[in-house]
1. Just subtract the alpha-carbon distance of residue 114 and residue 20 from 0.36 nm times their residue separation and send over the number in nm, one decimal.
2. Can you tell me, using C-alpha contacts under 8 Å and at least 6 residues apart, the relative contact order of the range 11-135 as a whole percent?
3. Give the relative contact order (percent, whole number) for the range 148-314; include only Cα pairs under 8 Å separated by 6+ residues.
4. Relative contact order of the chain: what whole-number percent is it, with Cα pairs under 8 angstrom and at least 6 residues apart?
5. Of 153, 60, 226, which has the largest mean-square fluctuation in a 10 Å C-alpha GNM of the chain?
6. If you average 1/r across every pair of different Cα atoms in the chain and take the reciprocal, what Kirkwood value do you get, in Å?
7. For the pair residue 132 and residue 162, how long in nm is the line joining their label points, each one 7 Å along Cα→Cβ?
8. Angle check, please: helix 203-215 long axis (alpha carbons) against the longest principal axis of the chain (alpha carbons), in degrees 0 to 90, nearest 10.
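Any read-out appearing in this document is the output of simple, stated calculations on the displayed coordinates, not a laboratory observation. Since this is a predicted model, take the numbers as computed values, not measurements. Glycine also receives a Cβ, built like all others from the backbone with ideal geometry; neighbour counts cover every protein chain displayed.
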Ligand SMILES: CC(C)(COP(=O)(O)OP(=O)(O)OC[C@H]1O[C@@H](n2cnc3c(N)ncnc32)[C@H](O)[C@@H]1OP(=O)(O)O)[C@@H](O)C(=O)NCCC(=O)NCCS
């Protein structure tokens, strides 16, 4: 007798209706994917998500097929913005139509939350090329981003640069944070990345962004020892910063690199990046990664000149005007 075909389509359900045991096989697979594709230990993020799932307080949706959880996504809301924090489908269910049905339900769910006027996400683990129109495409903008990586051997060969502007370098310390927030807002004024992440547009937004990367595991564990700031010798103010995290015991990540517009082109970006890479390397990182918007040609040129190579491309998406 032939096995009975299961002809039911996967169904979208609210995440709050599921428990950790139901989600665990999916988290296990997601941990492996992050490890394999990005040298990234996703376990701290999965542990945090499990705690919220246990309390039934994680907002989001799951795609359920029979007894299996095929995929999930969660979101947080901050004022008028909804942020889709993660989006993952198990490989056996990763079809374009499943991905779009989960994404569509999530975007629709967020659009219906009172006061939400903007939705942002960066889909690092989306499996299918985004060839289909996006859900609610009339409100959507898409920006391709690159995930780049460099290895320890290449870092060891980087020569220090003579910076054409008088600065002093310091390891990151909490007391620099307020000035770094001012730096971020100035560095990204009119920049493509502030279309993708609206926190870059204002000083309070930049403060919030820094608070998140320092406190939460989304971009890895913040590494104070791996992060460097440049202080302008004349003004005594922070004029550049390279912030770093560790994403596994043997891999690091550059979470931020920016220089004040007035002093660009003086090799400060190179030197800050080099110093952060050397610090991460001495902390045990065999590889260091970063993400960059594909149209940010100047930054990509800098990263390639340092030895970073593109490993994958993923979309950043924004919905606005609904
Ligand atoms: C990207 C950024 C950090 C570079 O800092 P910088 O101090 O101007 O860079 P450097 O002077 O060290 O330049 C190093 C190399 O990168 C390349 N480069 C940097 N910016 C460039 C630009 N805008 N256009 C073309 N090439 C550029 C050059 O090849 C340069 O090499 P060279 O000195 O031999 O000519 C700076 O432009 C910045 O803060 N930009 C806004 C924020 C940003 O985009 N951050 C990266 C996000 S992923």
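1. 31.0 nm
2. 24
3. Values: 303 pairs, mean separation 50.9, N = 167.
Here the relative contact order equals 30 percent.
4. RCO, the chain: 20 percent.
5. Per the Cα network of the chain with a 10 Å cutoff, 153 tops the list.
6. 20.8
7. 5.8
8. Around 70 degrees separate the two axes.
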